[in-house]
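Trainee: Following this message is one structure expressed as structure tokens.
The values are calculated or read from the model by the stated rules, or taken from the named source; none is laboratory data. What you see is a predicted model, and the numbers here were worked out from it, not measured in a lab. Every residue, glycine among them, receives a Cβ derived from its backbone with ideal geometry; neighbour counts consider all protein chains shown. Please note that ligands, DNA and RNA were not included when accessible areas were found on the heavy atoms of the full protein model with its side chains. Shrake-Rupley method; radii C 1.70, N 1.55, O 1.52, S 1.80 Å.
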Amino acid sequence: MTEQPRIKFAFRCGDDILTATASRDEVEFTCEYSENGYRLWALAHKDITPLICELRYDYAYPAGSTVYAGGYQSWTHSREYGKNDVQKGLRLPVRYGVARKYAAAFGDYDFATYSLREGDCHSFYYTYVRDKDELTFAGSLDESRGYTIFYHNRDGKQIKVVKDVEGLLIRAGERYKLFDLCFCKGGRKEVFDYYFSKLGLDKPRENRMCGYTSWYNLFGKIDENSIMRDLEGLKKADIGATVFQIDDGWQSAVGDWKEIREDKFPSGMKKAAEEIHARGFKAGLWLAPFLCAKNSKVAKERPDWLVKRNGRPVVGSVGWGGAYVLDLTVPEVKEYLKEVFDKVLREWGFDMVKLDFLYAAAMYPAGGKTRGELMTEAMKFLRACVGEKLLLGCGVPLFPAFGTCDFCRVGSDVDLSFKERIFSKLTNNEIVSTYNAITSSAFREHLNGRAFVCDPDVFFLRKKNIKFNMQQKKLLATFNSIVGGVLFVSDDAGEYGEEEREIAKSCFARKVEVKDVRYASKNAIEISYREGGEDKILCFNVRNGKILKA
């Protein structure tokens with residue numbers, strides 16, 4: 001990708017749909033081109049609405065090469081693809097009707113193209129082509145005005161770089177940066193060090209967070225007694241945990257964050273945080289700030305706060321009986337959320353918030369702004385609300401999370417079964433799945449310590465309410481401790497035996513440097529890393545959890 005790209009730009013001006021080459025009176029381009037970068041600006045002389053904005057590069061894929069396709073948000077499947085691999089979109093059972101409406105809400109299905117051809121794939125924000133140990137890398141340095149999507153067409157020997165300009169309005173006299181791309185070539189560490197140096201992000205404030213979350217055992221069925229039991233168990237286990245996080249189920253309804261379930265937490269959330277602190281842990285709390293359940297007071301009493309399409313509220317999740325999306329362009333919505341964070345972090349005294357389902361802030365363009373612009377603004381808003389407290393992002397488009405999240409999920413939710421279930425194969429790329437969680441977390445490890453601290457989700461050591469054998473439990477614990485910096489269990493650690501305590505303790509204390517992640521064969525992921533001055537390899541079958549080399 002060292003040659004000048006071919007530009008395709010179409011736009012609406014008034015009632016006319018025009019192309020840039022035929023319309024110099026409406027818009028003109030300025031570009032900067034170098035071996036390591038390319039920038040393209042559009043200067044509008046009249047108000048224009050871009051419709052198509054893309055660059056095309058000729059590229060001969062080396063024989064045997066693989067291509068990295070990074071997914072849209074935290075949960076979206078991400079991995080390297082070979083010439084015979086197919087990047088799947090929505091599966092057949094959820095491609096149409098109401099099912100599609102709900103399944104598509106989580107991902108990029110309404111604005112990205114899945115060709116379903118062997119070897120084709122697309123990647124958000126950045127991509128690379130791997131030829132043995134050398135990576136040819138291309139990435140965007142600025143997503144604040146719109147997402148950049150890299151489309152690979154292996155048979156056509158072409159890489160297409162597309163800007164998501166849907167909903168964008170460029171005013172007359174405005175100079176709009178369409179692309180700001182970075183290119184480099186080298187080893188894995190070399191290219192990602194270079195890319196993130198160009199992004200100019202500060203290093204994450206933390207490098208590790210180990211502890212407990214209530215979700216993957218109790219789910220929403222938490223109360224004061226069960227939380228106190230697991231809190232005492234974590235203290236008793238003495239495995240090196242630093243954080244105790246209360247997940248979904250404490251609030252009266254999703255969206256009604258200032259009201260707790262008093263029947264479940266009669267002593268209140270301030271008391272819960274105090275009890276956590278008294279045992280030497282930081283206190284974490286889960287929220288989904290951009291959603292409100294259909295049965296919430298917010299949804300019922302403030303319908304003017306909801307994002308609407310064709311006059312109807314937008315559904316951002318099927319959870320909790322369905323949840324609507326809050327409209328951040330409404331000033332009262334931001335004021336309400338500021339009050340929520342003040343209560344949680346300042347009045348109740350929590351040290352960390354896990355903020356979930358964040359993609360909802362930018363499901364559709366609005367107000368002349370693209371999805372990328374809306375999401376960037378939303379993440380900056382959250383960072384300002386959280387202030388110096390810790391922020392764990394989840395379900396979030398990743399680039400806007402760079403430098404704004406202290407910690408961030410990099411895969412889907414892990415399942416209670418290692419074996420992939422039927423429903424996970426018949427929905428979307430964001431579905432709950434241990435296979436998805438491990439694969440994406442492995443191939444996004446390069447973000448750890450550069451963009452934020454990576455959260456590969458929890459590992460399990462308990463004997464109840466789990467469909468993992470002991471080898472699979474050990475593999476997931478070992479894997480998470482190698483690729484991630486957020487290491488959580490969701491067990492009552494007070495029930496651990498000596499073996500489980502030692503596994504958790506060693507994983508929490510582990511310090512490694514990952515050198516490379518790649519496929520050794522179709523279902524075998526190989527991670528090479530350095531630990532204690534020694535080079536090591538973990539190779540395993542991601543489908544069944546069998547360790548092939550360690």
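Trainee: Pairs only if they're at least six apart or on different chains, beta carbon under 6 angstrom, first in region 432-443 and in contact (Cβ under 8 Å) with a residue 12 or more places away in the chain, second aromatic (Phe, Trp, Tyr) and not in a helix (DSSP H, G or I); list them, first residue then second.
Mentor: If the second residue must be aromatic (Phe, Trp, Tyr) and not in a helix (DSSP H, G or I), the pairs left are Thr434/Phe418.
Trainee: Filter region 519-550 down to the residues that are part of a loop (DSSP other than H, G, I, E, B) and open to solvent by less than 50 Å² (accessible area, probe 1.4 Å) and list them by number.
Mentor: Those that are part of a loop (DSSP other than H, G, I, E, B) and open to solvent by less than 50 Å² (accessible area, probe 1.4 Å): Asn523, Val542, Gly545.
Trainee: So which residues in region 254-271 are within 29 Å of the chain's Cα centre (by Cα), of a type outside the set (Lys, Arg) and over 16 Å from Phe219 (Cβ atoms), if there are any at all?
Mentor: Gly255, Asp256, Trp257, Glu259, Ile260, Met269
Trainee: Filtering region 71-80 down to residues that are touching a Gly at 6+ places or on another chain (Cβ under 7 Å) and open to solvent by 10 Å² or more (accessible area, probe 1.4 Å), which residue is nearest to Asp155 (Cα to Cα)?
Mentor: His77
Trainee: Only helices (runs of 4 or more DSSP H) wholly contained in region 159-275 count here; list those with 1 or more residues that are among the hydrophobic types (A, V, I, L, M, F, W, C), open to solvent by 70 Å² or more (accessible area, probe 1.4 Å) and closer than 30 Å to Ala60 by Cα.
Mentor: By residue number, no helices (runs of 4 or more DSSP H) qualify.
Trainee: Another one. Which residue pairs have Cβ atoms under 9 Å apart, sit 6 or more places apart or on different chains, and have a first residue in region 331-347 that is farther than 19 Å from Ala273 by Cβ and acidic (Asp, Glu) and a second that is assigned to a helix (DSSP H, G or I) and open to solvent by less than 90 Å² (accessible area, probe 1.4 Å)?
Mentor: Glu332/Asp304; Glu332/Trp305
Trainee: Would you be able to tell me the number of residues in region 401-418 that are open to solvent by 10 Å² or more (accessible area, probe 1.4 Å) and outside any loop (DSSP other than H, G, I, E, B)?
Mentor: 1
Trainee: Looking only at region 419-448, count every residue that is among the charged types (D, E, K, R), over 14 Å from the mean Cα position of the chain (by Cα) and either within 23 Å of Ile527 (Cβ to Cβ) or not in a helix (DSSP H, G or I) (or both) and tell me the total.
Mentor: Summing the residues that are among the charged types (D, E, K, R), over 14 Å from the mean Cα position of the chain (by Cα) and either within 23 Å of Ile527 (Cβ to Cβ) or not in a helix (DSSP H, G or I) (or both) in region 419-448 gives 3.
Trainee: While we're looking at this one, here's another question. What's the number of the only condition in (1) open to solvent by 50 Å² or more (accessible area, probe 1.4 Å); (2) under 26 Å from the mean Cα position of the chain (by Cα) that Tyr68 fails to meet?
Mentor: (1)
Trainee: Now, a different point. Working only within region 277-313, note down all residues that are more than 17 Å from Tyr364 (Cα to Cα), under 27 Å from the mean Cα position of the chain (by Cα) and open to solvent by 80 Å² or more (accessible area, probe 1.4 Å).
Mentor: Passing the criteria: only Lys282.
Trainee: Scan region 318-330 and tell me whether some residue there is polar (S, T, N, Q) and open to solvent by less than 90 Å² (accessible area, probe 1.4 Å).
Mentor: No, region 318-330 has no match at all.
Trainee: How about region 311-390: which strands (runs of 3 or more DSSP E) wholly inside it have at least 3 residues that are in contact with an Asp or Glu (Cβ under 6 Å, 6 or more places away or on another chain)?
Mentor: none
Trainee: If you don't mind, another one. Does Gly89 qualify as being in contact with a strand residue (DSSP E or B) (Cβ under 7 Å, 6 or more places away or on another chain) and open to solvent by less than 30 Å² (accessible area, probe 1.4 Å)?
Mentor: no
Trainee: Then there's this: Looking at region 116-133, which of its residues are assigned to a loop (DSSP other than H, G, I, E, B), of a type outside the set (Lys, Arg) and closer than 12 Å to Tyr81 by Cβ?
Mentor: Of everything in region 116-133, those that are assigned to a loop (DSSP other than H, G, I, E, B), of a type outside the set (Lys, Arg) and closer than 12 Å to Tyr81 by Cβ turn out to be Glu118, Gly119, Asp120.
Trainee: Here's a check for you: in region 26-61, which residue that is farther than 18 Å from Phe150 by Cα and not in a strand (DSSP E or B) is most open to solvent (accessible area, probe 1.4 Å)?
Mentor: Checking each candidate, the answer is Glu35.
Trainee: Follow-up question, since we're still on this one. Which is among the acidic types (Asp, Glu), open to solvent by 70 Å² or more (accessible area, probe 1.4 Å) and either closer than 21 Å to Ser123 by Cβ or modelled with pLDDT of 95 or more (or both), of Asp110, Asp16?
Mentor: Going through Asp110, Asp16 in turn, just one is among the acidic types (Asp, Glu), open to solvent by 70 Å² or more (accessible area, probe 1.4 Å) and either closer than 21 Å to Ser123 by Cβ or modelled with pLDDT of 95 or more (or both): Asp110.
Trainee: What tally of residues in region 465-518 results from selecting those that are assigned to a strand (DSSP E or B), open to solvent by less than 70 Å² (accessible area, probe 1.4 Å) and farther than 16 Å from Ser441 by Cα?
Mentor: Adding up the residues that qualify gives 1.
Trainee: List the pairs whose first member sits in region 133-152 and is farther than 15 Å from Glu35 by Cα, whose second member is among the acidic types (Asp, Glu) and part of a loop (DSSP other than H, G, I, E, B), and whose Cβ atoms are under 7 Å apart, counting only residues at least 6 apart or on separate chains?
Mentor: Gly146/Asp164; Tyr147/Asp164; Ile149/Asp164; His152/Asp120
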